[in-house]
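Some notes on the structure that comes next.
No value in this document is a laboratory result; all are computed from the given coordinates. Since we're looking at a predicted model, the values are computed, not measured. No Cβ is skipped: glycine too gets one built from the backbone with ideal geometry, and neighbour counts run over all protein chains shown.
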Amino acid sequence: MKKNFLKHIALFIFGGLLLHGCFKDVVTYTDYNIAVYDQSASDGQITPSLEVETYAYYVDTTEWCIRSYDDAVARRITNKTTGTVLTEPDVLGTFDASLAYPASVRLEQPVSMLVVVNPTLRLYAYRKYELPVNLASVDTKLYMASWRASHPSSGWRVVNDFYTIEDDN
């Protein structure tokens with residue numbers, strides 16, 4: 001009898017522990033933190049950006065684009081098929097130069113188009129981001145080089161609308 005009683009208590013405790021795991025909080029957002037670095041000459045020093053603007057639209061980059069630097073500054077994106085224009089991002093990021101990853105955007109939808117505008121170098125970068133479950137924070141680096149033509153950088157597409165061949169020399 002005592003053995004059965006202990007067995008029932010053990011099963012009850014084990015069941016409680018299993019149920020506890022089922023009711024834990026699920027994180028449904030990601031704080032996307034970015035350390036942005038500038039380089040203005042091919043042999044120049046790479047330095048942390050002192051000023052960038054970040055924002056996000058909850059759209060897919062396969063369907064939407066930024067047509068120019070001026071559009072990036074104006075926070076304007078265009079649908080590649082219909083020509084529809086959006087001018088109000090779903091999320092505006094923050095920038096705090098005192099942090100290791102000073103640019104930050106909180107994303108809360110399954111798919112996002114992230115945009116970083118660097119007014120110092122007159123560049124912008126964008127990328128698609130698919131929100132994972134239970135990943136509260138992502139820390140990443142973005143290198144922006146004004147002396148280069150448009151180029152990829154760690155999953156980002158850095159766009160230089162002002163590049164000329166002389167910039168390579």
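Brief remarks on what is shown
- Residues in segment 59-76 that are buried (at least 16 other Cβ atoms within 10 Å of the Cβ) and more than 29 Å from ILE165 (Cβ to Cβ): VAL59, TRP64, ARG75.
- Residues (without any contact (Cβ under 8 Å) to a residue 40 or more places away in the chain and not aliphatic (A, V, I, L, M)) located in segment 123-147: GLU130
- Selection status of ASP96, free of Cβ contacts under 8 Å to residues at least 12 places away in the same chain, within 12 Å of VAL117 (Cβ to Cβ) and of a type outside the set (Phe, Trp, Tyr): no
- Output for segment 125-146, where each listed residue is touching a Ser or Thr at 6+ places or on another chain (Cβ under 9 Å), of a type outside the set (A, V, I, L, M, F, W, C) and over 14 Å from PRO89 (Cα atoms): ARG127, LYS128, TYR129, GLU130, PRO132, ASN134, SER137, THR140, LYS141, TYR143, SER146
- Scanning segment 112-140 for residues that are β-branched (Val, Ile, Thr) and under 26 Å from ASN160 (Cβ atoms), we see that the one that is farthest from the chain's Cα centre (by Cα) is THR120.
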